[in-house]
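This report refers to the structure that appears directly beneath it.
The values are calculated or read from the model by the stated rules, or taken from the named source; none is laboratory data. Just so it is clear, the structure is predicted and the values come from calculations on it, not from any experiment. Here Cβ is always computed from backbone atoms with ideal geometry, including for glycine, and neighbour counts include all displayed protein chains. Ligands, DNA and RNA are stripped out before the accessible areas are found, and what is left, the full protein with its side chains, is counted by its heavy atoms. Shrake-Rupley method; radii C 1.70, N 1.55, O 1.52, S 1.80 Å.
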Amino acid sequence: MSALPTAARRALTSRGIHTQAALPRSTSYTTAIRRIHHRTIVSNAAAPAYTQDADRSFENEIFVPPTRPNLPTTEFSDRMAAIKQAKPFSEFLTDNFHRQHNYLRISVTERCNLRCLYCMPEEGIDLSPPSHLLTTEEILHLAKLFVSQGVTKIRLTGGEPTVRKDIVELITELGKLKAVGLKELAMTTNGISLARKLPQMVEGGLTALNLSLDTLDEFKFQFMTRRKGLSNVLKSIDTALSLNIQPLKVNCVVMNKLNVDEIPSFLAMTKDQPIEVRFIEYMPFTGNKWESGKMITYQEMLDRIRKSHPDLHKVQDHKNDTSKTYQIPGYKGKLGFITSMTHNFCGTCNRLRITSDGNIKVCLFDNAEVSLRDLMRAEGGMGPGGEKKLLEVIGVAVKGKKEKHAGLGELESMPNRPMILIGNGYQRRLPSKTTSSIPLYLLSSPYVRQSIRAYSTSRIPSQPVITNNSKEATPAQKLTHVLPSGAAYMVPIHEKAITTRTAKAVSTIKFSNPTAVELIRSNSNKKGDVLSISRIAGIMAAKKTSEIIPLCHPISLSKVQVNLRVADDVNGAIEIMTIVTCDGKTGVEMEALTAAMGAALTVYDMCKAVDKGIVIEGTRVVEKVGGKSGDWREEGWIEWSEV
Ligand code: SAM
Ligand code: SF4
């Protein structure tokens with residue numbers, strides 16, 4: 001930056017601003033002029049103009065209010081018009097904790113050309129039908145609306161934003177919002193297919209870039225991303241440097257035993273290049289197999305770095321930074337830590353997210369999502385009336401933002417979209433306190449009341465909720481065989497410990513006439529000994545469970561016991577109780593149930609000739625012992641043994 005030019009200094013003095021105090025000597029000419037403009041507007045307006053308030057480094061400087069500025073008449077009247085229009089920060093984007101959300105992250109696709117271990121579930125993800133995703137027109141409509149309310153920074157993310165076909169055009173259109181208040185247009189990308197498009201993106205208005213790169217080792221890259229492409233990413237970094245994109249940040253998720261040893265190589269990148277490398281704590285998302293042992297905390301990383309760089313020093317962070325920034329003396333670049341897991345930065349959070357299917361998500365770690373897409377697609381949704389509705393619903397969502405997100409312990413067990421799907425159809429759910437925290441003026445809108453109703457009916461705290469293309473449950477009730485998309489999958493058990501597990505199940509066969517029980521009691525059924533054959537059938541069925549229940553693992557069973565007894569009922573009944581045990585990595589409830597059903601169906605089969613009205617009922621697990629989820633027994637159930 002050049003020293004403050006005389007012209008700028010004069011311009012300041014003419015507006016009553018004492019330059020020594022107001023601007024450091026190193027301030028560039030454009031910055032100085034912008035600040036003059038900013039000061040004049042703020043000082044004349046009844047309330048601060050929210051479109052002009054982003055330069056926070058200026059906040060504590062001494063300021064002497066100007067008298068009437070020495071400006072040509074037209075410029076002066078333009079400015080006065082702007083002052084008249086100036087208003088406090090949008091109420092719609094301000095939450096109950098006075099956080100003003102002027103940063104919007106938009107996911108522009110769910111697709112990705114990599115499969116990073118920590119992001120994409122191993123089983124892959126089901127993509128939304130294209131019609132569920134926001135169109136370019138809808139993205140632009142929302143972006144304009146948010147900028148009109150005071151958003152000054154937009155970041156495009158995904159999925160991988162560069163795989164969106166019209167990404168360059170989208171950036172160019174968004175770049176035009178700079179004329180109405182947007183200051184920063186950024187993108188987070190894996191850099192695989194970026195280098196060639198980057199010059200056009202910059203020309204279109206892209207101002208900042210975050211590139212994700214977790215390893216500098218070709219082999220490890222392939223392992224961590226399940227794809228090749230390290231050289232492409234490095235080329236993108238070089239191109240970004242040559243285009244002088246600033247800030248240019250490299251995001252590196254640090255994982256134990258995987259890439260933690262590469263921290264020094266990443267630090268070396270900051271030596272001669274104006275790059276900020278940001279080390280990210282590994283976060284849990286549904287399906288990413290997060291384990292605390294795989295995570296390296298900020299403090300651990302810091303301790304490691306300090307061993308080789310004891311002179312590492314802290315750099316002043318910006319007010320809303322999520323990163324804790326440091327620098328090694330003499331190095332051109334910086335390093336930062338994103339500490340989502342160990343130190344939340346909720347107090348100063350100024351971000352909102354739009355998922356690729358058009359939901360607003362007020363916190364990365366909150367499952368509450370509200371569809372803006374559906375509002376836009378309703379009749380008149382893109383017109384002025386539609387904008388009003390959108391703002392009302394956005395206001396409701398923002399007011400529902402919690403003071404801070406869950407801590408490490410809770411996050412670990414909370415269901416959440418994988419990062420790649422912070423843009424796809426999970427159940428929509430607002431925090432329970434939302435309605436009570438919505439300002440009355442918003443509740444007066446029938447539209448908002450309707451949306452709240454929709455959310456509260458989809459939020460049944462004690463039961464898993466399944467909506468359209470979404471599946472979610474409370475941690476305890478998570479459907480383990482179901483992917484976030486709703487697709488079925490077999491739960492991986494290779495990392496589970498071997499323990500002794502037992503499950504007991506029951507079933508009852510009721511007859512509609514007394515003949516069957518009489519035949520069973522006298523062992524004179526034409527087909528043979530009903531109880532003995534059914535017992536054998538139950539045992540065989542238990543052993544075949546994995547062959548007939550698609551998502552069950554084959555398990556080596558150590559015990560299968562099938563008990564049958566004749567019970568009192570109007571026309572008599574047969575009760576079945578099964579006990580299945582294994583020493584293994586997964587439970588045997590399914591085996592116990594299959595044993596019970598196998599035995600029950602055999603009783604049915606052997607007795608159907610004398611009774612067409614047989615009912616099999618009450619088949620259920622009544623007890624399970626062992627395994628991570630603990631022991632459980634049905635209240636009031638009493639075990640019995642055959643006599
Ligand atoms: N595909 C782009 C990319 O990789 O940069 C943009 C989307 S990606 C989901 C955004 C960022 O989230 C990346 O920097 C990625 O490293 C980070 N991320 C994804 N999953 C994460 C996890 N489990 N823990 C920490 N960071 C994660
Ligand atoms: Fe793709 Fe980015 Fe997720 Fe990696 S982190 S799988 S690049 S979306």
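Ranked by accessible surface with a 1.4 Å probe, highest first, in what order do THR225, THR172 come? Numbers along the way, then the final one.
Details: THR225 5, THR172 50 Å².
Highest to lowest solvent-accessible surface, that is THR172, THR225.
Can you send over the solvent-accessible area of THR207, 1.4 Å probe, protein chains only, in Å² to the nearest 10?
Accessible area of THR207: about 40 Å².
Grab the beta carbon distance between ALA567 and TRP632, set R0 = 22 Å, and tell me the FRET efficiency rounded to 0.05. Intermediate results must be reported in sequence, preceding the final value.
Numbers: r = 25 Å, r/R0 = 1.12.
Computed FRET efficiency for ALA567 and TRP632: 0.35.
Could you report the accessible area of LYS585 in Å², rounded to 10, computed with a 1.4 Å probe on the protein chains as they sit in the structure?
Approximately 60 Å² of LYS585 is accessible to the 1.4 Å probe.
Using a 7 Å offset from the Cα along the Cα-to-Cβ direction at both ASP317 and ALA497, what is the distance between the two label points in nm, to one decimal?
3.6 nm
How much of TYR604 can a 1.4 Å solvent probe reach, expressed as accessible area in Å² and rounded to 10?
Accessible surface of TYR604 is approximately 80 Å².
Set Lys and Arg Cβ to +1 and Asp and Glu Cβ to -1, take the dipole of region 499-633 about its Cα centre, and tell me which of LEU601, THR578, MET590 lies farthest positive.
Looking along the dipole axis, the top candidate is MET590.
Between GLU300 and ALA378, what FRET efficiency comes out of the Förster formula 1/(1 + (r/R0)^6) with R0 = 35 Å and r the beta carbon distance, rounded to 0.05? Before the final figure, lay out the partial values.
Details: r = 50 Å, r/R0 = 1.43.
After rounding to 0.05, the efficiency reads 0.10.
Please give, to one decimal in nm, the separation of the simple spin-label points placed at LYS526 and GLN200, each 7 Å out from Cα toward the Cβ.
8.0 nm
With a Förster radius of 22 Å, plug the Cβ-Cβ distance of ASN244 and GLU184 into 1/(1 + (r/R0)^6) and report the FRET value to the nearest 0.05. Walk me through the numbers on the way to the answer.
Numbers: r = 15 Å, r/R0 = 0.70.
Once the sixth-power term is evaluated, E becomes 0.90.
Skipping prolines and chain starts, which residues have an amide H placed within reach, meaning under 5 Å, of the one on ILE106, given they are 5 or more residues away or on another chain?
The answer is ARG155, LEU156, THR157, ILE354.
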